[in-house]
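Below you'll find the structure, written out as structure tokens, and then a few comments.
Since every read-out is calculated from the coordinates, none of them should be taken as a lab result. Remember, predicted model here, so these are calculated numbers, not experimental data. FYI the Cβ positions are ideal-geometry reconstructions off the backbone, even for glycines, and counts take in every protein chain you see.
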């Protein structure tokens, strides 16, 4: 049985592109890290992977400019890449702090709980896309506080988890907090409860996999649609691929 190899724009497994890839392609996919959107496109063009999943737009922030630039392909370096599907991922952000921020329990065997000391925070870390998705929260609680862009929200969580001064915080997912040992000071801080990112799924039109999917979509679904109670506002789109045909795939952001 073949496995998926996917390119993800270099971000750790706790990042949104990786979650979107898993929801789309299933756990049989092997994700190949890329450090940028461009590298993922290059990998797809050079047949190093068979599919790439890249963020295209966010319901709060709008279009992802880097993806639009790649789609334009003004230099003609990716002539064989085409869009074959899309996937919608619900995105929720948390305010994370390190253990040095203080705990509500005195005993080591009890779960650590951060104290609500937002006033002590003098520096915030996150990926540039996350600022706009949490602007109302940031304006209420952190007006004038220094903001530091980092390569990913999980990188922000990693940085803050190592800070014991209690003066820094990160905007990242709850999963990132658990992965790096950070503490959740506030959950679901995104401005829009239906915050979602639309990912585009790309393939190489001349690859063997693409030939197998010429009558796209074929017979097998690797990700069932999950309709929310709100209906189409946070829908998950089906993505169809033939059984046993995929060997490599890229994922981004």
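Once you have a ≥ b ≥ c as the square roots of the Cα gyration tensor eigenvalues for the stretch 22-85, tell me rounded if a/c is under 1.5, and otherwise prolate or oblate according to whether a/b is larger than b/c. Display every interim value, and only then the final one.
Values: a/c = 1.91, a/b = 1.09, b/c = 1.74.
Because a/c hits 1.5 or more and a/b fails to exceed b/c, the stretch 22-85 counts as oblate.
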**Item:** Separation of the residue 46 and residue 74 label points, Cα + 7 Å toward Cβ, nm
**Value:** 2.4
**Request:** Using packing as a proxy for protection, rank 57-70, 40-53 so that the peptide with the highest average count of other Cβ atoms within 10 Å comes first.
**Result:** 40-53, 57-70
